[in-house]
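Derivation of every value follows stated rules applied to the coordinates shown; laboratory data play no part. Please read all numbers here as calculations on a predicted model, not as lab measurements. Every residue, glycine as well, gets a Cβ built from its backbone with ideal geometry; the counts of neighbours run over all protein chains shown.
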Amino acid sequence: MRSAPLLALALGLLAMPAVAQPVQPEFFFGNGQPPVFREEDMDKRFLKTRLYQALGQGTNDPNCAQVVGAMFTLLGETAPLFHKRDENFMLDPMLAQALNTQLVSPRFPGNAFFVAMVRRVLIDQKLSPEWLATAQALAPHYPVIDMAKLRFLSEGVKPLDSFLLTLPVLRERYKEDVERATSVAASTAEALFRDNYLDHELAFAGVEVVDVKLEKPKKKRLKKGEEPEQPYMLARLAWVEPEPPSEAAYEFQFGKPRKRLKVDITAKLAESQYVDLNKLLRGTKVLVRGRFWEYKKGLTAIEMRDALLFPERDWTRVAGLVDPAALAACPMAINDLTGLAPTQPGAFGTRR
């Protein structure tokens, strides 16, 4: 069995080949069966830890409430981004840093406990009702927990085809595979790109809400036995290329500023949503996940089906997940997960 690093918390994009190199769709989607998660020794040890007990039963200790709340916050942020490609999972880099700096101490390997939590969910194929109830009880006192994402996870693990294929990466693939194709390949490049990337379950982060409305289908003559299409919720979103980081404290530009790229996203929403669409405001940054259904030539606009919206939090504005004094004072923040080191022998998941 191959070994898997603890923080395959999927800073996987950092390991991607340079975009100028040929990249096959298998890099994003894999070419085998999705991993299967089976209970191993460390999973059984996790069931006997004090933290596991608190996840299912709650805690009256205010210090431990911070630790448990932080763990549920981290778990919620991974929930929409599990994927079928491999055993890795995604965590926002700011949160990965917070995990390693705020939840790890000589007496408590918080990163190892978090991996054990993720494994438990993947083995059970859902967030347990007991964990969900504990998170709901904590949420009023620990508001950064995203209950919408945890409710989504409580209804079952629904992996993406790949979390590596972000919108910026998809644009780079289009540029390399279609726009840079020579004349001899141009006639088939667009069709090949469509075959390779359309009709996959993907998630795009950092998109902005333009509008959400109830869309009434256009009237048309129905064929015999054909049912009329029902009204549906439609979200109009936009992704704008981020400003490049400035290398100088003071920078003067002459002439017209460089126009940033923009992608318009039309998302036909799934009937069941985990957030209240009535409370989504224009300009809210969201994560949209759904079926990548269609696009306009040049990838200036895309269409998604059966989409879910999850508001995104700016983690640079969150002071911290756990007070160091609270971690030190929490009696359950001890290493009773004996033998679980930062890198475990054996695969995180095993193939069928």
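Below is a table of values for the structure above.
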item: Cα-Cα P(r), the range 190-315, percent of pairs per 10 Å interval; result: 11, 34, 29, 17, 6, 2, 1
item: Chain lengthening between Ala185 and Asn31 when straightened (0.36 nm per residue, less Cα-Cα); result: 52.9 nm
item: Distance between modelled label sites at Thr101 and Trp315, nm, 7 Å Cα→Cβ extension; result: 1.2
item: Relative packing of peptides 75-82, 142-149, 107-114 - highest average C-beta neighbours within 10 Å first; result: 75-82, 107-114, 142-149
item: Cβ-derived FRET efficiency at R0 22 Å, Leu281 paired with Met94, nearest 0.05; result: 0.45
item: Too-long pairs where the Cα-Cα distance tops 19 Å, listed order kept, from Lys158/Lys216; Lys175/Lys297; Lys149/Lys296; Lys220/Lys297; Lys220/Lys296; result: Lys158/Lys216; Lys149/Lys296; Lys220/Lys297; Lys220/Lys296
item: Two-site FRET efficiency, Glu208 against Glu155, from Cβ-Cβ distance with R₀ of 41 Å, rounded to 0.05; result: 0.95
item: Highest to lowest packing among 176-185, 280-289, scored as the average C-beta count within 10 Å; result: 280-289, 176-185
item: Read-out Kirkwood radius over Cα pairs in Å, derived from the coordinates shown; its label in [x] 24.1; [y] 22.4; [z] 20.2; result: [y]
item: Mean Cβ neighbour count within 10 Å, used as a protection proxy, ranking 61-70, 190-199 highest first; result: 61-70, 190-199
item: Restricting the range 39-81 to trypsin sites (Lys or Arg not before Pro) in coil, as DSSP defines it, with at most 11 other Cβ within 10 Å; result: Lys48
